[in-house]
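What follows is a single structure, written as structure tokens, with notes after it.
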Amino acid sequence: MKCDICESEKSYVKEYKHEFYIKGKKITFISKRRFCENCNNLVYDPDLDNRASEIAIAKYNEEYGITKEEIIELRKKYNLSQELFSKVIGCAKKTLISYEKGKSIPNDSYLILLKSMRAKPDTIKTLIDANINQFTDKEYEKISNKIIDILPNNTKRLIVNNNDQPNEYNGYSKFSKEKIYNIILFFSKEAVLKTKLLKEMFYSDFLYYKNSCKSMTGLEYARLPYGPVPDQFEDILNKCSQEKIIDYTVDFISDYEFHNIYAKKEFDASLFTNEELDILKKIKKKFKSFGSKDIVEFSHKERAFIETKPLSKISYDYAFDIESI
Ligand SMILES: [Zn+2]
């Protein structure tokens, strides 16, 4: 390697304090560089200099972005090839490869995607649906099968039959899509606001559990800011809407959003026992005059809500603390 300035071919290597600016952030570290023995100027050394820029990228990713190890780990978690994973996030395969090798820094939009997938793995479902045109039918099926395991239970069970172990979060009952759909039909016959419907579903399962030690539907519930609701309820409502069980519309009236749900099919009472029907009727009667706000306030007084951590699943054990209706 020759010095550009004095053309001397004699050089030596020593530690050097690097300062890189990446996307406005200063990255400093020490690594080796080559110098001219004659004039002490820097001499270009492809290996050492590439190594330094990789360190700079790694340091930046570690501090402000996502590391190459994290990207590989994420892709492996979904069990996807580089080819399919790059289609999911919507980048070229060679771009993904350069991220995984630490040769470049994910741009801001990919960074946001990758970070949200790490935080909430089922984000991938939204991405797949958003990029659906990128996939052949075969690829789509392959991806769907591979990601099914990482989906939340309620969402997964809407798509595939399964035999999950009965536990305190599903109320020791098998997930019944039919019964869930029909409970929604029962409460939305004369149209219902989403907030109210979700609480009525909660009371149906929990009050039934209080009497019989099993839930009506096998649904899991979660503590959201505005009360106890079926976990992943948006997936449930969207699926109902897709299958033309309900009409799900959003109206905007002077700054407020009203999510209205209307039944599009007849309620099938034959799926339920008399005891179950009795509970459904009592709940409908109890909350008949309640607006969304009233039912939110009412449900906020439940131990099931108060004692469950935000966004966590609610144990059916709390059913015994709910006042009978
Ligand atoms: Zn020189």
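The values are calculated or read from the model by the stated rules, or taken from the named source; none is laboratory data. In this text the structure is predicted, and so the values were computed from the model without any measurement. All Cβ positions, even for glycine, are placed from backbone atoms using ideal geometry, and neighbour counts span all protein chains on display. Each accessible area value is taken on the protein alone, full model and side chains, heavy atoms only, with ligands, DNA and RNA left out. Shrake-Rupley method; radii C 1.70, N 1.55, O 1.52, S 1.80 Å.
Scanning segment 135-156 for residues that are open to solvent by 40 Å² or more (accessible area, probe 1.4 Å) and aromatic (Phe, Trp, Tyr) gives a single hit, Tyr140. For segment 18-42, the set of residues classified as within 14 Å of the ligand (Cβ to nearest atom) and either touching a Ser or Thr at 6+ places or on another chain (Cβ under 9 Å) or closer than 17 Å to Ala58 by Cβ (or both) consists of Arg34, Phe35, Cys36, Glu37, Asn38, Cys39, listed by residue number. Please determine whether any residue of segment 108-122 is of a type in the set (S, T, N, Q) and touching an Asp or Glu at 6+ places or on another chain (Cβ under 8 Å). Checked segment 108-122: no residue is of a type in the set (S, T, N, Q) and touching an Asp or Glu at 6+ places or on another chain (Cβ under 8 Å). When segment 123-134 is filtered for residues that are out of contact with any Gly (no Cβ under 8 Å at 6 or more places or on another chain) and surrounded by 12 or more Cβ atoms within 10 Å (Cβ to Cβ), the ones remaining, listed by number, are Thr123, Ile124, Lys125, Thr126, Ile128.
Looking across segment 97-129, the residues that are assigned to a helix (DSSP H, G or I), within 21 Å of the chain's Cα centre (by Cα) and either farther than 23 Å from Glu234 by Cβ or free of Cβ contacts under 8 Å to residues at least 12 places away in the same chain (or both) come down to Asp108, Ser109, Tyr110, Leu111, Ile112, Ser116, Ala119, Thr123, Thr126, Asp129.
When Tyr318, Tyr221, Tyr256 are screened for being open to solvent by 50 Å² or more (accessible area, probe 1.4 Å) and hydroxyl-bearing (Ser, Thr, Tyr), only Tyr256 passes. Scanning segment 225-246 for residues that are modelled with pLDDT of 95 or more and over 18 Å from Leu158 (Cα atoms) returns a single hit, Pro228. The set of residues from segment 272-315 being touching a residue at least 24 places away in the same chain (Cβ under 8 Å), aliphatic (A, V, I, L, M) and open to solvent by 60 Å² or more (accessible area, probe 1.4 Å) comprises just one member, Leu311. Taking (1) of a type outside the set (Val, Ile, Thr); (2) in contact (Cβ under 8 Å) with a residue 12 or more places away in the chain; (3) open to solvent by less than 50 Å² (accessible area, probe 1.4 Å) in turn, Lys14 satisfies each apart from (3).
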